[in-house]
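Peer 1: Got a structure for you, written out below as structure tokens; questions coming shortly.
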Amino acid sequence: MTTHFIVSIDVEEDNQWRRSEDYSLHNIDCLPKFQELCEKYGIRPSYLITYSVARNNNSANIIKTLAQTSKCEIGAHLHPWFTPPYQSPFLRAAYPHTYPYECPDSLLYKKISNLTNVIQKQIGVEPKSFRAGRYGMDGRAIGYIRKKGYLIDSSVTPYWSWVDTLGTTLGGPDYSNITEHPYYVGRTTFPNPTNTLEGSILEIPITIKKNSIDEVIWLRPFPWADETSLLTIIRNSLQKKELVLNLMFHSSELYVGGSPYSETKDAVMKIERKLKAIFKFVTELEIKSSTFQEFFEQENEKIKKNQLTI
Ligand SMILES: [Zn+2]
């Protein structure tokens, strides 16, 4: 049994935690340096990019250059508030930002479709991995991404509920009782596992663990995350022979002023140091780094066999 290490990055507009009528994309300039760091440790990141990032020629060129190295994967990340078309009350720059699952059927499908098409046109790849903005996935979106050729979703945050976190009209999804381990999810069962192949997608939850005193810890370089706890998550998963670790963060966290977690140069350096320590540890433990698609290719049959009654 191999434990795979996935690094999945929401590649998006600068500081999406605050209200703004328009967006900037300065943080995308930080990605080539980050890719270099990944390559130094043999890490193969998965970049999940928004419509704005793919649409803008400058940022698209940066992503295209990364894609051409074949040392990373390009997937999709849906921010409904900056992905056309718009329809009241889910307007451009709507705030609080719209969870994808708030959108009516045809609006949601058109947004997923536009996002996918702009990635194909501007980057020249067919995205196979998806993450909903604000983790706001639902069963309809599972059906729609499958129709658009995706194989993988990574929007589930185990042990975490967004119910009290407002979108434009509703609170977010509740994932507090969902498994940490990858599983096949269905259009009608999301966020729970399905027992049929029809309309299903491989769900790879973000790595979030509970420690011995029931604290919930994300495998993520948060300012308050202490390095030892993050490395402990990795060591424990390896010891338990778990199939996958899925570390997430946002591209904007690598840019000074790009997120609430990276307001100063010092804060960004701390994030970089944590990532470096994690990558170094993963290398030392000889954990295999995989993109979402590489994980899918190697493990999907096993997951399917264990879960589905075909
Ligand atoms: Zn996002």
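Here, each number is a calculation from the coordinates, and none is a lab measurement. Predicted, not measured: the structure shown is a model, and the values here were computed from it. In this analysis, Cβ positions are derived from the backbone assuming ideal geometry, glycine residues included, and neighbour counts consider all displayed protein chains.
Peer 1: Give me, ordered by chain and number, the residues 5 or more places off E203 or on other chains with an amide H under 5 Å from its own placed amide H.
Peer 2: D153, Y183, Y184, V185
Peer 1: Treat every Asp and Glu Cβ in the chain as -1 and every Lys and Arg Cβ as +1, leave all other atoms uncharged, and give the resulting dipole magnitude about the Cα centre to the nearest 20 debye.
Peer 2: Charge dipole of the chain: 520 debye, to the nearest 20.
Peer 1: Relative to 2.2 N^0.38 Å, what does the C-alpha radius of gyration of the range 4-307 come to as a ratio? Two decimals please.
Peer 2: Normalised Cα radius of gyration, the range 4-307: 0.93.
Peer 1: Could you work out the per residue convex hull volume over the alpha carbons of the range 2-160, in cubic angstrom?
Peer 2: For the range 2-160, the hull spanned by Cα atoms encloses 124 Å³ per residue.
Peer 1: Any idea what % of Cα-Cα pairs in the range 119-158 are farther than 17 Å?
Peer 2: 31
Peer 1: Using θ = phi - 60° and the Karplus curve 6.51 cos²θ - 1.76 cosθ + 1.60, what whole-Hz ³J(HN,Hα) does each residue of the range 194-201 get, with Gly and Pro shown as x?
Peer 2: Going residue by residue, I get 10, 10, 9, 6, 4, x, 9, 9 Hz, with x marking Gly and Pro.
Peer 1: Follow-up. At a threshold of 8 angstrom on Cα-Cα distance, excluding pairs fewer than six apart, so keeping six or more, what relative contact order does the range 4-307 reach in percent? Walk me through the numbers before you get to the answer.
Peer 2: Values: 623 pairs, mean separation 66.6, N = 304.
So the answer I get is 22 percent.
Peer 1: If every alpha-carbon in the range 220-293 counts as one equal scatterer, what log10 I(q)/I(0) does Debye give at q = 0.19 1/Å?
Peer 2: So the normalised log intensities are -0.81.
Peer 1: May I ask you to list the residues of the range 195-230 whose amide nitrogen lies under 14 Å from a point 7 Å from Cα along the Cα→beta-carbon direction of N306?
Peer 2: Inside the label zone: 203-205.
Peer 1: Would you calculate, for the chain, the mean residue ellipticity at 222 nm contributed by helices, counting each DSSP H stretch of 4 or more residues as -39,500 (n - 2.57) and dividing by all residues, to the nearest 500? Walk me through the numbers before you get to the answer.
Peer 2: Values: 8 runs with 104 residues, N = 310.
Helices in the chain give a 222 nm mean residue ellipticity of -10500 deg cm²/dmol.
Peer 1: Something else about it: Straight-line reach from K274: which lysines fall under 28 Å, measuring Cα to Cα and dropping same-chain residues less than 8 apart?
Peer 2: The reachable lysines, counting only those whose Cα sits under 28 Å from K274, are K33, K40, K64, K71, K209, K210, K240, K241, K265, K288.
Peer 1: Can you tell which of N246, N177, N117 shows the greatest fluctuation in a Gaussian network model of the chain with Cα springs below 10 Å?
Peer 2: Residue with maximal mean-square fluctuation among N246, N177, N117: N177.
Peer 1: Within the set of other residues whose C-beta is less than 14 Å from the C-beta of V268, count the net charge using Lys and Arg as +1 and Asp and Glu as -1. If you can, show how the numbers build up before the last one.
Peer 2: Values: positive: K33, K265, K270, R273, K274, K276; negative: D14, D29, E253, E263, D266, E272.
With Lys, Arg at +1 and Asp, Glu at -1, the neighbours total 0.
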